[in-house]
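J.: Sending over a structure as structure tokens; questions will come in a sec.
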2 protein chains.
Amino acid sequence: MGASPPQPPRKPLPEGFLDSLHSAFGERLATGEAIRSQHGQSEAHFEPALPDAVVFARSTEDVVELVRLCVAAGVPIVAYGAGTSIEGNALPVRGGVTVDLSQMDAILAVNAEDFDCTVQAGVRREQLNEHLRDQGLFFPIDPGANATIGGMAATRASGTNAVRYGTMREAILSLRVVTPDGRDIRTSRRARKSAAGYDLTRLMIGSEGTLGIITEVTLRLHAIPEAISSAVCSFETLEGAVDTVVQSIQLGVPLARVEILDDLQMKAVNRWSKLDYPELTTLFFEFHGSSRYVEEQVETVREIADMNGGSAFRWSNLPEERSKLWKARHEAYYAAVNLRPGAVGWATDVCVPISRLAECITETKRDLEGSSVPGTILGHVGDGNFHVVFSMDPDAPAEMEEVEAINARLVERALAMDGTCTGEHGIGLGKQDWLVAELGEAVEMMRLIKRALDPQDLFNPGKIFAFSE
Amino acid sequence: MGASPPQPPRKPLPEGFLDSLHSAFGERLATGEAIRSQHGQSEAHFEPALPDAVVFARSTEDVVELVRLCVAAGVPIVAYGAGTSIEGNALPVRGGVTVDLSQMDAILAVNAEDFDCTVQAGVRREQLNEHLRDQGLFFPIDPGANATIGGMAATRASGTNAVRYGTMREAILSLRVVTPDGRDIRTSRRARKSAAGYDLTRLMIGSEGTLGIITEVTLRLHAIPEAISSAVCSFETLEGAVDTVVQSIQLGVPLARVEILDDLQMKAVNRWSKLDYPELTTLFFEFHGSSRYVEEQVETVREIADMNGGSAFRWSNLPEERSKLWKARHEAYYAAVNLRPGAVGWATDVCVPISRLAECITETKRDLEGSSVPGTILGHVGDGNFHVVFSMDPDAPAEMEEVEAINARLVERALAMDGTCTGEHGIGLGKQDWLVAELGEAVEMMRLIKRALDPQDLFNPGKIFAFSE
């Protein structure tokens, strides 16, 4: 359980199909090995799977045309943004056409008074925040990688700010989508809320390209807070760290970010980012608000940390200090993978009710300590969501097996605690059996929807679940 | 456009069907005129439509059995909670069986440390909050009426606290649903977030009973804040009131509630609730947080209100004062309807981007002033959502026509501003044409989903949209 599911044999492209792509897209069509190979890799441990062709879309109209050609010819179509997903979500395992949306990178509108903006799917989150800064606004969702907004929507991404600002589920007001029947729809208007019909916006968020191609996204924005402070605190015990977070939330402290990193992850961070933090279980915090209110938040959390055995509580409101801290956090994945030279990364994530988090992490830690493959723990502790990142020798198949077994035990542990097999990475290729273990017959309802909207199973086929069973 | 759509002729129940209901449900089955009539009324102006039978469910198993019987016999099934919806959402316009869930009123679990609880669909929101109070927790969604949690889920309700705490869309972690194929599913686990497959939770929220019957709801809860203050402030101009809200949000004040009531609504409130507020455009505020932070919020908003021509800014942190204020707000609908003795209510709502709200309300106000039917404006101004409530003479058909025309202009105005035809009441019977005007071909995607999940069109048929077109 847990590995990539077997795929049916790849079908060759129908005769004349590439010609029709060429007449439609000219130079925007690529069939050379290098570009196909680039779109057939994954950030993690999955086997490469090359598309037969790549089309670089420049407009929603391009996507409509491509969808119509693919559907008419029965050819799979897979959307691609920045390639930063880690469950093989964008790998074209049955070949066909990859539609690369990275050139659709226009910021179409910023409505400052309404705290929203509309962007093309290929806009990256860092680009968006640079664009917004002058207007005193920011887009909070931060999965670490500089992903595209379209990809983040398709995988229901979240990250470090979700505890305060929510995930992509809450961040999106409306989507423009090309559906499998070739329609160009908007899922909602720009109003902040609506009770008008089925929530197609939320249905598309997290559907991993299996129900249509997202080409534009309207996002909620937030005012850059008057004051931002960050803090770091080490703990002798894992429970002390988790309890600090739970008690802070119970007291109503609106933590903007709170990240946990275990001792091995701190060692990896120190080594990779050339820092000298204590190599203990550590919390990284961020506080947003008015100056007075941020001060009050820091004071409250410091007291709670003290009561829970926290030490070396270091806070700062200097932007340089903050950047250094979050840069280290953002590089944590690469730091962990590179604990061994030449290693390849395997990242997994689960999310449990926060009352079970300390227990879940403690048991996982114990399991990791018995393993020959280094694995670090880091996570978004305010949401009950954490990751394990393995630094795996690509030439040792036994390590792959060992990691698969640890991952299986981790997911089983999370499910037994009424948690989920993935908090933010998605199902992709890696967690299909676990989806069924988690939701049972509800998966049959998903299949009915998939069959109704994409009867030929051409949109990112082979992902999330088997089409028919 | 806007009135109830025509329905196909009602089919008589198949022979023996009532007998099979009787053997299954015994005394929980009612076929008498009085109970059928009670379940065939709506809170608003719609024609009564009586079910052929009412079944009082006491468990999810009851609902599963009823669904199987109805589906096998091709009989419509409509869920009913407290009957407080106002777009005719629960009227059984094609007859069949109404399943009354009000006896499923158990609070199944409160997980205080996780800030969540699981309740049966028939639990009412006031009952839930009374139950939670001792644990220092509350459930924030407050549509005014003491609705059931299941009904609030099915209509994607929101109300006065949504500006701070979100709507039912954000408040629900997971649902237990009986699907049209008779399965008893859970849409999600209890983890705070998940990227596991399609978001069936959000698909069901707002589906108005057309895709299945919600029997249990797992809700996010919040800590009762250390301090709560309320405030009232009158404005000479509508723009002054709206600008006060927009500027407060821009400055990052986390308003917990902010309601606008126009001069006529204030007159109605004064008369109905025996109060003496100035009869001017008025904002009702509520602030949540630590004592110091609430003080800071009140001070900031007071200054902003001053700059925008606010007068008589009256704030209080006394619970009695606050209760009086919000009781008046909760009674506003009845106050407005009863501006004329013997009148019947017609309530409509739209939601627009907040930058257009002042303009939208001003134009609507002008339209209302030219009408012979009294209509008040009140709304959740922080979300851009407002209501118009008419006090309509039931014996004057010309008034109905006049109100329909005003409503049509209101919705067209909101759509022209990239708003929605309903912020929180749902589509029900009253806004089906407007749904198509709002979302165009996206409605075809909704129809594909409906057909796939409920191929016989038995679940609350005739609501949201026509089944096939």
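The values are calculated or read from the model by the stated rules, or taken from the named source; none is laboratory data. Fair warning: this is a prediction, and the values are worked out from it, not measured in the lab. All Cβ positions, glycine included, derive from the backbone under ideal geometry; neighbour counts span all protein chains shown.
J.: Name the residue that is surrounded by the most Cβ atoms within 10 Å (Cβ to Cβ), counting only residues in the range B:240-278 that are of a type outside the set (K, R) and assigned to a strand (DSSP E or B). Full working, then the answer.
T.: Step one: of the range B:240-278, the residues of a type outside the set (K, R) are B:240-256, B:258-266, B:268-270, B:272-273, B:275-278.
Cutting the leftovers down to assigned to a strand (DSSP E or B) gives us B:258-261.
On the way: B:V258: 26, B:E259: 25, B:I260: 24, B:L261: 31.
Of everything passing the filter in the range B:240-278, B:L261 is surrounded by the most Cβ atoms within 10 Å (Cβ to Cβ).
J.: Give me the residue from the range A:316-337 that is among the hydrophobic types (A, V, I, L, M, F, W, C) and surrounded by fewer than 21 Cβ atoms within 10 Å (Cβ to Cβ) and, out of that set, farthest from the chain's Cα centre (by Cα).
T.: If we take residues in the range A:316-337 being among the hydrophobic types (A, V, I, L, M, F, W, C) and surrounded by fewer than 21 Cβ atoms within 10 Å (Cβ to Cβ), then A:L318 is farthest from the chain's Cα centre (by Cα).
J.: Among the residues of the range A:217-225, is there at least one that is in contact with a strand residue (DSSP E or B) (Cβ under 9 Å, 6 or more places away or on another chain), at pLDDT 95 or above and not in a strand (DSSP E or B)?
T.: Yes: the range A:217-225 contains one or more residues that are in contact with a strand residue (DSSP E or B) (Cβ under 9 Å, 6 or more places away or on another chain), at pLDDT 95 or above and not in a strand (DSSP E or B).
J.: Inside the range B:180-195, can you point out the residues that are over 23 Å from A:A196 (Cβ atoms) and touching a Gly at 6+ places or on another chain (Cβ under 8 Å)?
T.: Once the filter is applied, which keeps residues that are over 23 Å from A:A196 (Cβ atoms) and touching a Gly at 6+ places or on another chain (Cβ under 8 Å), the range B:180-195 yields B:I185, B:R186, B:R189, B:R190, B:A191, B:R192, B:K193, B:S194, B:A195.
J.: Within the range A:211-242, how many residues turn out to be over 26 Å from the mean Cα position of the chain (by Cα), within 14 Å of chain B (Cβ to nearest Cβ) and of a type outside the set (A, V, I, L, M, F, W, C)?
T.: The total comes to 2.
J.: So which pairs qualify, if the first residue must be in the range B:422-446 and farther than 17 Å from A:R202 by Cβ and more than 9 Å from chain A (Cβ to nearest Cβ), the second must be among the aromatic types (F, W, Y) and in a loop (DSSP other than H, G, I, E, B), the Cβ gap must be under 7 Å, and the two must be at least 6 apart or on different chains?
T.: Listed by first residue and then by second, the contacts come to B:L429/B:F46; B:Q432/B:F465.
Residue-by-condition table, conditions (1) among the β-branched types (V, I, T); (2) within 19 Å of the chain's Cα centre (by Cα); (3) over 26 Å from B:L415 (Cβ atoms); (4) at the interface with another protein chain (Cβ under 9 Å from one of its Cβ atoms):
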site	(1), (2), (3), (4)
A:G151	no, yes, yes, no
A:V178	yes, no, no, no
A:A196	no, no, no, yes
A:L203	no, yes, no, yes
A:G209	no, yes, yes, no
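J.: How many residues are closer than 14 Å to B:L211 by Cα and hydrophobic (A, V, I, L, M, F, W, C) if we restrict to the range B:141-198?
T.: Count: 6.
J.: Let me ask something else about it. Just checking, how many residues over the range A:89-132 are surrounded by fewer than 22 Cβ atoms within 10 Å (Cβ to Cβ), among the polar types (S, T, N, Q) and within 14 Å of chain B (Cβ to nearest Cβ)?
T.: The qualifying residues number 2.
J.: Taking B:R340, is it under 18 Å from B:L264 (Cα atoms) and without any contact (Cβ under 8 Å) to a residue 40 or more places away in the chain?
T.: no
J.: If you don't mind, there's one more thing I want to ask. Let me spell it out: the conditions are (1) in a helix (DSSP H, G or I); (2) modelled with pLDDT under 95, and B:S311 meets all of them except one. Which number is the exception?
T.: (1)
J.: Moving to a separate point now. Could you run through the range B:52-70 and say how many residues are surrounded by 19 or more Cβ atoms within 10 Å (Cβ to Cβ) and touching a Gly at 6+ places or on another chain (Cβ under 6 Å)?
T.: Matching residues across the range B:52-70 total 2.
J.: Test each condition in (1) in contact with an Asp or Glu (Cβ under 9 Å, 6 or more places away or on another chain); (2) within 14 Å of another protein chain (Cβ to nearest Cβ); (3) in contact (Cβ under 8 Å) with a residue 60 or more places away in the chain; (4) more than 28 Å from B:L368 (Cα to Cα) for B:R292 and report the one that comes out false.
T.: With (1) in contact with an Asp or Glu (Cβ under 9 Å, 6 or more places away or on another chain); (2) within 14 Å of another protein chain (Cβ to nearest Cβ); (3) in contact (Cβ under 8 Å) with a residue 60 or more places away in the chain; (4) more than 28 Å from B:L368 (Cα to Cα) applied to B:R292, the lone miss is (3).
J.: Go through the range A:153-171 and report how many residues are more than 11 Å from chain B (Cβ to nearest Cβ) and either among the aromatic types (F, W, Y) or within 24 Å of A:A195 (Cα to Cα) (or both).
T.: 3
J.: If only one of B:G384, B:G375 is under 26 Å from B:M266 (Cα atoms), in contact with a helix residue (DSSP H, G or I) (Cβ under 7 Å, 6 or more places away or on another chain) and within 14 Å of chain A (Cβ to nearest Cβ), which one is it?
T.: B:G384
J.: May I ask you to list the residues in the range A:379-421 that are buried (at least 24 other Cβ atoms within 10 Å of the Cβ), free of Cβ contacts under 8 Å to residues at least 60 places away in the same chain and over 21 Å from A:E331 (Cβ atoms)?
T.: The answer is A:G384, and nothing else.
J.: Can I ask one more? Touching a residue at least 40 places away in the same chain (Cβ under 8 Å) and facing another protein chain (nearest Cβ under 7 Å): is that true of B:G462 in this structure? Step through it out loud before you land on a result.
T.: Working: touching a residue at least 40 places away in the same chain (Cβ under 8 Å): yes; facing another protein chain (nearest Cβ under 7 Å): no.
It is false that B:G462 is touching a residue at least 40 places away in the same chain (Cβ under 8 Å) and facing another protein chain (nearest Cβ under 7 Å).
J.: From B:G345, B:G370, which residue is in contact (Cβ under 8 Å) with a residue 24 or more places away in the chain and surrounded by fewer than 24 Cβ atoms within 10 Å (Cβ to Cβ)?
T.: Every option except B:G345 fails the conditions.
J.: Name the pairs whose Cβ atoms lie under 6 Å apart, with the first residue in the range B:211-237 and assigned by TED's automatic domain parsing to the domain that holds B:A191 and at positive phi, the second at pLDDT 95 or above and of a type in the set (S, T, N, Q), and 6 or more positions between them or separate chains?
T.: Filtered contacts from the range B:211-237: B:G212/B:T179.
J.: To continue, here is another question. Are any residues in the range A:22-49 assigned to a loop (DSSP other than H, G, I, E, B), surrounded by fewer than 19 Cβ atoms within 10 Å (Cβ to Cβ) and of a type outside the set (D, E), and if so, which ones?
T.: Within the range A:22-49, A:T31, A:G32, A:Q41, A:P48 meet the criteria.
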